[in-house]
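Below is one structure, written out as structure tokens, with a few remarks after it.
The values are calculated or read from the model by the stated rules, or taken from the named source; none is laboratory data. Remember, it's a predicted structure, so these values are computed and weren't measured experimentally. So basically every Cβ, Gly included, is an ideal-geometry build from the backbone, and we count neighbours across all protein chains shown.
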Amino acid sequence: MSILALFVILAYVLTLLLRWSYNHSRVVGWPMFLLNRTRRTVYMAISFVLTYGSLIGIWYFFGIWVALAAFATNLLVRMVSIRHYFTQAVREYAEAEYQDMVKARANANVPPDELDILDRLRRIATSDDDLHMNELAMRQKAYDRARYAIKERVMRG
């Protein structure tokens, strides 16, 4: 195996790690140095060039079938990583949303003067229908809100 073939394999492994990191950042939040859209665009361009350059290199050195397997692996890493981080973020967000709904329900009959500022805001954000739901309906509504919020965060980039 030549040095160039080894370099192509290393570039391919690096692209898998970059894709995993990219999907993590899309769901959880961007690291400080990628908050700038220009830097993020450069990051995505470098990732694109490394991904498809390494796939072409794998095709050149190892043949079409190995390149197709590498491409399928790349797609699998993309799907698994985005699904993993998305479901994890939805679960965490839904639990926090549910806890807020439970606190709002517990403070439903307390006069506003006796509540702290967070509980007052929680009361404003919670509708009357939320206060009269059973536990299962509250969990489902919290999950739906979380899924929508995380989906919007991912779509915005």
Inset, instruction - Please indicate, with yes or no, whether at least one residue in region 108-129 is acidic (Asp, Glu) and at pLDDT below 70. - result: yes
Legend entry - Where Phe71 falls short, out of the listed (1) over 26 Å from the mean Cα position of the chain (by Cα); (2) modelled with pLDDT of 95 or more: (1)
Inset, instruction - Six or more apart or on different chains, Cβ under 6 Å: which pairs go from a residue in region 61-75 that's over 20 Å from Met1 (Cα atoms) to one that's in a helix (DSSP H, G or I) and hydrophobic (A, V, I, L, M, F, W, C)? Could you list them? - result: Phe71/Leu55
Inset, instruction - Among what's in region 29-68 and is polar (S, T, N, Q) and under 23 Å from the mean Cα position of the chain (by Cα), pick the residue that is surrounded by the fewest Cβ atoms within 10 Å (Cβ to Cβ). - result: Thr38
Inset, instruction - Report, by residue number, each residue of region 146-157 that is at pLDDT below 90 and either aliphatic (A, V, I, L, M) or surrounded by 11 or more Cβ atoms within 10 Å (Cβ to Cβ) (or both). - result: Arg153, Val154, Met155
Inset, instruction - Please enumerate the residues belonging to region 97-118 that are free of Cβ contacts under 8 Å to residues at least 24 places away in the same chain and either surrounded by 14 or more Cβ atoms within 10 Å (Cβ to Cβ) or closer than 30 Å to Val27 by Cα (or both). - result: Gln99, Lys103, Asn107, Leu115, Ile117, Leu118
Inset, instruction - Just name the residue that is surrounded by the fewest Cβ atoms within 10 Å (Cβ to Cβ) out of those in region 3-28 that are farther than 21 Å from Leu68 by Cα and either among the charged types (D, E, K, R) or touching a residue at least 24 places away in the same chain (Cβ under 8 Å) (or both). - result: Val28
